[in-house]
């Protein structure tokens, strides 16, 4: 071992080898997406280190939570109870609407909607790349998380899974400059692409014609086109529309609904055909999905 | 001169500690000001123990950081290797310089690395680029004495072991 490293010292040949190796890795990883497995192993090894790095902040959070007054907790409980009651009441109509929707679809012989499975994940607050907007979550290949999977917050779409380790996964937020998501205007059905701008509170809406039926305040929901993402989840609200002086597309900006600045929980979504097997058997990009 | 076994215990554990520091979450406002702990530690050992910590260790450290930060594999690996190579070339001179002068050198390398990372990402505006590459360079300047003090003891132990 030591020998190898010493030989490397200062050798221009060894430098060339390492540079080429880096470039090769870069191409294989970010262009060809071949190295998820390698990344997964290293992610597994990094887990204890990440735990250690978040230990002070989680201890702090634990300590400050244990000092909450009884009154505070009582209030919290009462508020959550009320919220739960309201949500349950809303769900009553939801179930009947879903049944109705199914019947109508069957009557129209339309394709069956996909069933969805949900899993709650927690965010591990470690550092991420300087401009990249990613968060690490505490679910990985062992929970059948896969690359490209949709990640939601309670308010709307948060982003999607880009890397998977055994117990952890990385989620790219909507606002990342390299994130794009097919959406449609909930009111008019007009389709477009929502792309991140690098800023937490602004998305760009691409490919929306000048004469498209879209207004300020319109809700954008996922269109489900391109697969991978479930349809109908709220993404953003249209903020400003400026018809382009030249070119066919308007320049539209939208404000994401999910709290991208400070996401606390992440909900992962699996879509499955009602006839297809459970997600345990669905395809997994990382071969390590045999726990449970 | 053979590398003594103690070096293979002490140096990796300092690198590991630097990685933990690197991953330590900072408040959003101070985020760009986080010093590149791992790079600084690698460079420290490259100056003090060039026969042990060279390009290969730098490359491995960079690769691990790539995975930890979720950047494309190979980016930090490449930049760590290049920064270490430049440091090794100037190693004799750097060793003779004062801590302040060394700090300027590592700040310069941090600036280069950061600017390259941001340019590669391609989504940064000009002023963001300035802030986000200058801030870590300045904090590297301040962190270098901290690293030197923190690693003085492990380094002494290594010297004695020789």
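The values are calculated or read from the model by the stated rules, or taken from the named source; none is laboratory data. These numbers come from a predicted model, not from an experiment. For neighbour counting, all protein chains shown are included, and Cβ atoms are generated from backbone atoms with ideal geometry for every residue, glycine included.
Observations, loosely collected:
- Members of region B:50-77 found to be under 13 Å from the mean Cα position of the chain (by Cα), facing chain A (nearest Cβ under 7 Å) and within 17 Å of residue B:110 (Cβ to Cβ), listed by number: B:77
- Flag for residue B:47 being over 21 Å from residue B:103 (Cβ atoms) and more than 9 Å from chain A (Cβ to nearest Cβ): no
- A count restricted to region A:113-137 and to residues that are modelled with pLDDT under 80 and exposed (fewer than 12 other Cβ atoms within 10 Å of the Cβ) stands at 0.
- Summed over region A:7-26, residues that are surrounded by fewer than 17 Cβ atoms within 10 Å (Cβ to Cβ), at the interface with chain B (Cβ under 8 Å from one of its Cβ atoms) and either part of a helix (DSSP H, G or I) or modelled with pLDDT of 85 or more (or both) total 3.
- Any hit, region B:90-97, residues being in contact (Cβ under 8 Å) with a residue 12 or more places away in the chain, assigned to a helix (DSSP H, G or I), more than 11 Å from every other protein chain (Cβ to nearest Cβ) and surrounded by fewer than 22 Cβ atoms within 10 Å (Cβ to Cβ): yes
- Criterion: within 14 Å of another protein chain (Cβ to nearest Cβ) and modelled with pLDDT under 90 - qualifying residue of A:200, A:172: A:200
- Residues of region B:24-44 classified as free of Cβ contacts under 8 Å to residues at least 60 places away in the same chain and either at the interface with chain A (Cβ under 8 Å from one of its Cβ atoms) or assigned to a helix (DSSP H, G or I) (or both), total: 9
- Listing of strands (runs of 3 or more DSSP E) fully contained in region A:158-272 that carry 3 or more residues being touching a residue at least 40 places away in the same chain (Cβ under 8 Å) and buried (at least 19 other Cβ atoms within 10 Å of the Cβ): A:169-173, A:180-185, A:191-196, A:234-242, A:251-256, A:265-272
- Residue match in region B:87-104 (condition: farther than 20 Å from residue B:69 by Cα and at pLDDT below 85): no
- Among residues that are within 21 Å of residue A:257 (Cβ to Cβ), under 14 Å from the mean Cα position of the chain (by Cα) and in a loop (DSSP other than H, G, I, E, B), residue A:121 is not included.
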